[in-house]
């Protein structure tokens, strides 16, 4: 699953994994994907993607709410189950909006028949 392409095509926003070496202009998006490889009968043919999307901004105005809606619409369009919330981050001096998606399963190869 190429999260950066999927997110850009679905929302028009750029997203980066984990962090930026030099943070871009605010607002910006980051994601974390904790992958679990699993399967059955000694065959790991499934990736469980545990994705968190993060948005950081200095404001929480109508423009911010429109950005948040674009992400919500993308997740709903793909029928992904998720939780979201916006918090003020005292230590960062900005708002953070977080989307925690339920695991997304991805089959990575066909089973071999012996």
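Calculate, for residue 86 and residue 40, the FRET efficiency according to 1/(1 + (r/R0)^6) with r their C-beta to C-beta distance and R0 41 Å; round to the nearest 0.05.
0.55
Round to the nearest 10 and give me the degree value, 0 to 90, for the angle of helix 62-77's Cα axis relative to the longest principal axis of the chain.
10
Work out the FRET efficiency for residue 25 and residue 50 from their Cβ-Cβ distance, taking R0 = 41 Å, and round it to the nearest 0.05.
0.90
At a 10 Å Cβ-Cβ cut-off, how would you order 68, 108, 51, fewest neighbours first? Could you put the intermediate results ahead of the total?
Details: 68 18, 108 10, 51 21.
Ordered from fewest to most neighbouring Cβ atoms within 10 Å, 68, 108, 51 come out as 108, 68, 51.
So what is the relative contact order of the chain, in percent, for Cα pairs below 8 Å that sit 6 or more residues apart?
25
Mind giving me the nanometre distance, one decimal, between the label points for residue 102 and residue 72, set 7 Å out from Cα along Cα→Cβ?
1.9
Would you mind computing, in nm to one decimal, how far apart the modelled labels at residue 9 and residue 60 are, each placed 7 Å from Cα along Cα→Cβ?
3.4
Here, each number is a calculation from the coordinates, and none is a lab measurement. Keep in mind it's a predicted model, so treat the numbers as computed, not measured. We place every Cβ from the backbone using ideal geometry, glycine too, and count neighbours over all the protein chains shown.
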